[in-house]
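A short write-up of the structure that comes next.
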Amino acid sequence: TAKREPPGKSAPGRRLPARQPKKKAKDTFLWQCQSRGLIVPELEFLFHNGRSWRFDYAWPCLMVALECEGGAWQRGRHTRGKGFREDLEKYLAATVAGWTVLRVDVEMIKDGTAIDAAEKVLKNLMDG
(Lines give C-alpha, C1' and ligand atoms only; values in the text may rest on other atoms or scores of the structure.)
Protein backbone atom coordinates (compact mmCIF):
# COMPACT_ATOMS: atom_id res chain seq x y z
CA THR A 1 0.00 0.00 0.00
CA ALA A 2 1.40 3.39 -0.99
CA LYS A 3 1.90 5.94 1.77
CA ARG A 4 -0.14 9.09 1.24
CA GLU A 5 1.38 12.49 1.94
CA PRO A 6 -0.56 14.42 4.61
CA PRO A 7 -2.38 17.57 3.43
CA GLY A 8 -0.20 20.67 3.37
CA LYS A 9 3.05 18.82 2.73
CA SER A 10 5.02 19.83 -0.33
CA ALA A 11 4.84 16.53 -2.17
CA PRO A 12 6.01 16.75 -5.79
CA GLY A 13 3.06 17.23 -8.08
CA ARG A 14 0.63 17.57 -5.19
CA ARG A 15 -2.52 19.36 -6.32
CA LEU A 16 -5.44 20.58 -4.29
CA PRO A 17 -8.99 20.54 -5.69
CA ALA A 18 -9.69 23.03 -8.49
CA ARG A 19 -12.82 24.22 -6.68
CA GLN A 20 -13.02 25.61 -3.18
CA PRO A 21 -13.94 22.90 -0.65
CA LYS A 22 -17.16 23.50 1.25
CA LYS A 23 -16.65 21.39 4.36
CA LYS A 24 -13.52 21.98 6.41
CA ALA A 25 -11.82 25.30 7.08
CA LYS A 26 -8.46 23.49 6.92
CA ASP A 27 -9.06 22.42 3.33
CA THR A 28 -10.50 25.81 2.43
CA PHE A 29 -7.39 27.61 3.67
CA LEU A 30 -5.07 25.26 1.78
CA TRP A 31 -7.14 25.79 -1.37
CA GLN A 32 -7.00 29.57 -0.87
CA CYS A 33 -3.20 29.44 -0.57
CA GLN A 34 -2.85 27.44 -3.76
CA SER A 35 -5.35 29.58 -5.69
CA ARG A 36 -3.30 32.70 -4.85
CA GLY A 37 -0.01 31.08 -5.76
CA LEU A 38 1.29 31.06 -2.21
CA ILE A 39 3.51 28.43 -0.68
CA VAL A 40 1.22 25.72 0.73
CA PRO A 41 1.82 25.68 4.49
CA GLU A 42 2.77 22.68 6.55
CA LEU A 43 -0.01 21.37 8.78
CA GLU A 44 0.36 20.68 12.49
CA PHE A 45 3.96 21.90 12.45
CA LEU A 46 5.86 21.09 15.67
CA PHE A 47 7.72 24.31 16.46
CA HIS A 48 9.03 23.81 20.00
CA ASN A 49 11.45 21.05 20.98
CA GLY A 50 10.71 21.12 24.71
CA ARG A 51 6.92 21.08 24.36
CA SER A 52 4.54 19.36 21.98
CA TRP A 53 3.27 22.70 20.66
CA ARG A 54 2.15 22.72 17.07
CA PHE A 55 0.91 25.39 14.69
CA ASP A 56 -2.22 24.71 12.65
CA TYR A 57 -0.46 26.07 9.55
CA ALA A 58 3.20 27.05 9.25
CA TRP A 59 5.67 28.37 6.75
CA PRO A 60 8.85 27.39 8.65
CA CYS A 61 11.20 28.85 6.04
CA LEU A 62 9.70 32.29 6.82
CA MET A 63 8.89 31.61 10.49
CA VAL A 64 5.23 32.49 9.96
CA ALA A 65 2.33 30.55 11.44
CA LEU A 66 -1.44 30.79 11.33
CA GLU A 67 -3.55 29.50 14.20
CA CYS A 68 -7.27 28.93 13.78
CA GLU A 69 -8.93 29.42 17.16
CA GLY A 70 -12.13 27.53 17.79
CA GLY A 71 -14.90 27.64 20.32
CA ALA A 72 -15.06 31.39 20.83
CA TRP A 73 -18.86 31.38 20.77
CA GLN A 74 -19.24 28.09 22.63
CA ARG A 75 -16.94 28.67 25.60
CA GLY A 76 -14.44 26.28 24.06
CA ARG A 77 -10.98 25.41 25.27
CA HIS A 78 -9.35 28.55 23.87
CA THR A 79 -11.65 30.90 25.79
CA ARG A 80 -11.65 29.27 29.23
CA GLY A 81 -9.07 30.07 31.89
CA LYS A 82 -6.62 27.17 31.65
CA GLY A 83 -6.80 26.79 27.86
CA PHE A 84 -6.52 30.53 27.33
CA ARG A 85 -3.46 30.68 29.60
CA GLU A 86 -1.81 27.73 27.80
CA ASP A 87 -2.39 29.45 24.46
CA LEU A 88 -0.75 32.62 25.82
CA GLU A 89 2.30 30.60 26.87
CA LYS A 90 2.49 28.99 23.43
CA TYR A 91 2.22 32.28 21.53
CA LEU A 92 4.68 34.00 23.84
CA ALA A 93 7.25 31.23 23.32
CA ALA A 94 6.71 31.41 19.56
CA THR A 95 7.20 35.19 19.51
CA VAL A 96 10.35 34.98 21.64
CA ALA A 97 11.68 32.37 19.18
CA GLY A 98 11.11 34.78 16.28
CA TRP A 99 7.82 33.48 14.86
CA THR A 100 5.08 35.70 13.48
CA VAL A 101 1.77 34.14 14.53
CA LEU A 102 -1.50 35.14 12.86
CA ARG A 103 -4.52 34.25 14.99
CA VAL A 104 -7.84 33.78 13.21
CA ASP A 105 -11.13 31.96 13.60
CA VAL A 106 -13.07 29.75 11.18
CA GLU A 107 -15.20 32.64 9.93
CA MET A 108 -12.05 34.59 9.03
CA ILE A 109 -10.94 31.67 6.89
CA LYS A 110 -14.34 31.39 5.23
CA ASP A 111 -14.69 35.12 4.48
CA GLY A 112 -11.12 35.52 3.18
CA THR A 113 -9.79 37.69 6.00
CA ALA A 114 -7.22 35.05 7.01
CA ILE A 115 -5.83 34.47 3.51
CA ASP A 116 -5.64 38.24 2.86
CA ALA A 117 -3.54 38.72 5.99
CA ALA A 118 -1.35 35.67 5.34
CA GLU A 119 -0.72 36.76 1.76
CA LYS A 120 0.38 40.25 2.86
CA VAL A 121 2.71 38.92 5.55
CA LEU A 122 4.25 36.26 3.30
CA LYS A 123 4.76 38.64 0.37
CA ASN A 124 6.29 41.30 2.62
CA LEU A 125 8.79 38.77 3.96
CA MET A 126 9.62 37.34 0.54
CA ASP A 127 9.97 40.77 -1.10
CA GLY A 128 11.76 42.48 1.76
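The values are calculated or read from the model by the stated rules, or taken from the named source; none is laboratory data. As the structure is a computational prediction, the values presented were derived from the model and not from experiment. Reconstructed Cβ throughout: ideal geometry from the backbone, glycine too, with neighbour counts over all protein chains shown. The accessibility values were calculated without ligands, DNA or RNA, using every heavy atom of the protein model including side chains. Shrake-Rupley method; radii C 1.70, N 1.55, O 1.52, S 1.80 Å.
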Can you name the number of the only condition in (1) over 14 Å from Ile115 (Cβ atoms); (2) at pLDDT 50 or above; (3) open to solvent by 40 Å² or more (accessible area, probe 1.4 Å) that Gln34 fails? (1)
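Report, by residue number, each residue of the range 85-106 that is farther than 21 Å from Ile39 by Cβ and loosely packed, with under 13 Cβ neighbours inside 10 Å. Before the answer, list the steps.
First, the residues of the range 85-106 that are farther than 21 Å from Ile39 by Cβ: 85-93, 95-96, 105-106.
Arg85, Leu88, Glu89, Leu92, Thr95, Val96, listed by residue number.
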State yes or no: is Trp59 over 15 Å from Ala118 (Cβ atoms) and either of a type in the set (Phe, Trp, Tyr) or touching a residue at least 60 places away in the same chain (Cβ under 8 Å) (or both)? no
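Could you check, for the range 41-55, whether at least one of its residues is in contact with a Cys (Cβ under 9 Å, 6 or more places away or on another chain), modelled with pLDDT under 95, in a loop (DSSP other than H, G, I, E, B) and closer than 26 Å to Asp127 by Cα?
Step one: list which residues in the range 41-55 are in contact with a Cys (Cβ under 9 Å, 6 or more places away or on another chain), which gives 41.
Those left that are additionally modelled with pLDDT under 95: none.
No, the range 41-55 contains no residue that is in contact with a Cys (Cβ under 9 Å, 6 or more places away or on another chain), modelled with pLDDT under 95, in a loop (DSSP other than H, G, I, E, B) and closer than 26 Å to Asp127 by Cα.
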Looking only at residues that are surrounded by 12 or more Cβ atoms within 10 Å (Cβ to Cβ) and assigned to a loop (DSSP other than H, G, I, E, B) in the range 21-31, which one is modelled with the lowest pLDDT? Pro21
Thr113 - would you say it is surrounded by fewer than 15 Cβ atoms within 10 Å (Cβ to Cβ), more than 15 Å from Arg36 (Cβ to Cβ), modelled with pLDDT of 95 or more and among the hydroxyl-bearing types (Ser, Thr, Tyr)? no
